[in-house]
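A short write-up of the structure that comes next.
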Amino acid sequence: MSYRKSMKVAKMETANDPEELRNSKLRALVVSELITTEGKYVEDLATFFVVYGNQIKVEYASQPEMAVLIVQFSTMEQIYELNRQFFRMLSPSPTGPVVPVGEIMRAFI
């Protein structure tokens, strides 16, 4: 279900709930969408590195004209590591407390 559709459904389901409960449910949907999207992004970056990672390093490392590509690739590795850490912190433990998303996001800013 798309984010917009899930938000529309959530608004309909919570129309009769007290405002605080309704807001809590909507926040939970937003956090769930953030975790799902971040997980997919990290998964896609990991796939990129599996498919192209070694190839780029090995094939282009000795070619000076490809230095820009090597630099961009190393930047992508940093982005992947940062997002992987972020996703791990966001992912709730089945037995743990609620994930403090705001605190986690502030730690990465």
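When I70, I56 are compared by accessible surface with a 1.4 Å probe, the order from highest to lowest is I70, I56. Sorted largest first by accessible area at a 1.4 angstrom probe radius, with every protein chain in place, the residues D17, D44 fall in the order D44, D17. Using a simple spin-label model with pseudo-atoms 7 Å out from Cα toward Cβ, N23 and T36 lie 2.4 nm apart.
In the context of the full set of protein chains, residues of the stretch 31-101 present 69 Å² of accessible surface per residue (probe radius 1.4 Å, heavy atoms only). M89 contributes an accessible area of around 90 Å² to the protein surface, as traced by a 1.4 Å probe with all chains present.
Of the residues L69, L26, L90, ranked by 1.4 Å probe accessible area with the largest first, the sequence reads L69, L26, L90.
Shown here for the stretch 22-109: chymotrypsin sites (Phe, Trp or Tyr not before Pro) in loop regions (DSSP other than H, G, I, E, B) with at most 14 other Cβ atoms within 10 Å, namely F108. Between the amide H of V99 and any residue lying 5 or more places away or on another chain, no distance stays under 5 Å, with hydrogens modeled in the peptide plane. Between R88 and V101, the modelled labels are 2.2 nm apart [label points 7 Å from Cα along Cα→Cβ].
The values are calculated or read from the model by the stated rules, or taken from the named source; none is laboratory data. Bear in mind the structure is a predicted one, so any value in this text is a computation, not a measurement. Quick reminder, even Gly has a Cβ in these numbers, built from the backbone with ideal geometry, and neighbours come from all protein chains shown. Each accessible area value is taken on the protein alone, full model and side chains, heavy atoms only, with ligands, DNA and RNA left out. Shrake-Rupley method; radii C 1.70, N 1.55, O 1.52, S 1.80 Å.
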